[in-house]
Amino acid sequence: MGPMELNSSHVSPVLTESVAVNKSRLGIHSSLLPYSQQDSSSPLSPAAGKLSRTGSRKSAAGNIDDVRFNGWLDAMKASSPPRKKILKGSVINTLLPSSNIEYDNNEDYHSLTVDYPSAIECFGNIIGRAKNKRVAVFLDYDGTLSPIVDDPDCAFMSDPMRETVGSVGRCFPTAIISGRSRDNVYDLVKLTELYYAGSHGMDIIGPPLRHNNNDVSTNNLPNCVNSTDHQGNQITLFQPATQFLPIIDEVFRTLVEITKDIRGAKVENHKFCVSVHYRNVEENNWTIIGQRVHDVLKNYPGLRSTHGRKVLEIRPVIDWNKGKAVLFLLESLDLNDKDDVFPIYIGDDKTDEDAFKILRESNRGCGILVSSVMKESSASYSLRDPNQVMEFLQLLLNWNHKRETKHFNKQIKVKV
Ligand SMILES: O=P(O)(O)OC[C@H]1O[C@H](O[C@H]2O[C@H](CO)[C@@H](O)[C@H](O)[C@H]2O)[C@H](O)[C@@H](O)[C@@H]1O
């Protein structure tokens, strides 16, 4: 299913009160922002992203540092492992280019596996839990399917990885959930058999929604539009942050302007969020870039900044994240039955933690962290790098093939 553009003039049900405070900037009438009356237990209720009297606030995603708090420079430094050694001559990764990559040595990865065992070594346990269930696969893009490289425009996935992910998409419902814009990540992945959620889950194309239960996605989602894609398939487009488009554009232009004298800085417009990259900026200038972003955001209480891998992600303060996007897709794919469905989420970034958490808290499926270094995570297992992600996906395909063959043989026997 290819990406498509649709606009909705509806108001998002997931705006938070901090946005209501800033309604004049957004041009939204206050009567359209009734969140104080919303049921706080609803998955779509406002997050804790509220301006207090002193102007401070908590991040809507509690586990993600907010650049407005003290320590943002430390967070910028810690946002990605420092580039360490390139292991010469070793069979590290046929997918990874020989330079410009981030990875560590095996020792560091082994320490990580104490808390997050290897999903390859524990494959038996994982499929033991998935037995007799329908598997759904959710994949992050950067650092998961493609290696981390200096230039975000060159973060390509390899052909073998594309083939593998394509096969996965033909066997299981599979979605890519990325911080990039949906169009951008689709251009990189180029697989029509997958579902795509861009802008950290704020721009989703999924199958048409059923309106028959009370869960997260099907009720009262005015920013959810049923439509058809270029191939004439029925789809649902869900964009909970539509009304932020004008300020995202404005902030994007401002950030380009105020970073243009900082060598190596790069600002990307990902439709519902903006990425300010400092991977190629001299470390001495990180304070300056952080400070400038911080200063710009003072004028936009409806936006917040979170830390990715050597990137500051500017995004709307709404109660929506990759975890909610997973729930939305599970429901729209009719995969909401916990006893019958086993979702697997693979990701490497802080924003993927929201998805790991949702799976852990709802006690379904498993989260797999991609990392070569020690990290705190809500995932249950780990994989060291995109090469291991591919290996894991191939194991999953083999397992499914065997399972289907067994099932087929059984059916034949019954008929005979
Ligand atoms: O959710 P994701 O699909 O993982 O996207 C997260 C961000 O990925 C990209 O940036 C990261 O990868 C780049 C290419 O390897 C790297 O140069 C950069 O330092 C990383 O932060 C993308 O450019 C961002 O816009 C995404 O938000």
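The values are calculated or read from the model by the stated rules, or taken from the named source; none is laboratory data. Keep in mind the model is a prediction, meaning the values are calculated, not measured. Every residue, glycine among them, receives a Cβ derived from its backbone with ideal geometry; neighbour counts consider all protein chains shown.
In segment 278-302, the qualifying residues are those that are within 15 Å of the ligand (Cβ to nearest atom) and hydrophobic (A, V, I, L, M, F, W, C), and the one that is surrounded by the fewest Cβ atoms within 10 Å (Cβ to Cβ) is W286.
Summed over segment 182-206, the residues that are part of a helix (DSSP H, G or I) and at positive phi give a count of 3. Every condition in (1) assigned by TED's automatic domain parsing to the domain that holds G198; (2) within 11 Å of the ligand (Cβ to nearest atom) is met by S275 except one, and the failing one is (1). Applying the criterion of being in a helix (DSSP H, G or I) and not basic (K, R) to the residues of segment 320-331, the residue that is nearest to the ligand (Cβ to nearest atom) is A325. For segment 346-400, the tally of residues that are closer than 17 Å to F123 by Cβ and either of a type in the set (K, R) or not assigned by TED's automatic domain parsing to the domain that holds H110 (or both) stands at 1. Pairs are defined by a Cβ separation below 6 Å, a sequence spacing of at least 6 or placement on different chains, a first member in segment 299-319 that is more than 11 Å from I247 (Cα to Cα) and part of a strand (DSSP E or B), and a second member that is within 14 Å of the ligand (Cβ to nearest atom) and of a type in the set (D, E); the pairs so defined are T306/E313; G308/D349.
Among the residues of segment 385-416, those identified as under 18 Å from the mean Cα position of the chain (by Cα) and either of a type in the set (V, I, T) or not in a helix (DSSP H, G or I) (or both) are D385, V389.
Listed here are the residues, each with its yes/no results for (1) in a strand (DSSP E or B); (2) in the same structural domain as R279 (by TED's automatic domain parsing); (3) away from the ligand (no atom under 16 Å from the Cβ).
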site: I120; (1), (2), (3): no, no, yes
site: G124; (1), (2), (3): no, no, yes
site: V137; (1), (2), (3): yes, no, no
site: T144; (1), (2), (3): no, no, no
site: V149; (1), (2), (3): no, no, no
site: D153; (1), (2), (3): no, no, no
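Does D334 qualify as being more than 16 Å from the ligand (Cβ to nearest atom) and either part of a loop (DSSP other than H, G, I, E, B) or among the acidic types (D, E) (or both)? Against the criterion (more than 16 Å from the ligand (Cβ to nearest atom) and either part of a loop (DSSP other than H, G, I, E, B) or among the acidic types (D, E) (or both)), D334 qualifies. Of the residues making up segment 358-384, those that are buried (at least 17 other Cβ atoms within 10 Å of the Cβ), hydrophobic (A, V, I, L, M, F, W, C) and not in a helix (DSSP H, G or I) are C366, I368, L369, V370, V373, A379, L383. Yes or no: segment 163-175 includes at least one residue that is within 16 Å of the ligand (Cβ to nearest atom) and either surrounded by fewer than 22 Cβ atoms within 10 Å (Cβ to Cβ) or assigned to a strand (DSSP E or B) (or both). Yes, some residue in segment 163-175 is within 16 Å of the ligand (Cβ to nearest atom) and either surrounded by fewer than 22 Cβ atoms within 10 Å (Cβ to Cβ) or assigned to a strand (DSSP E or B) (or both).
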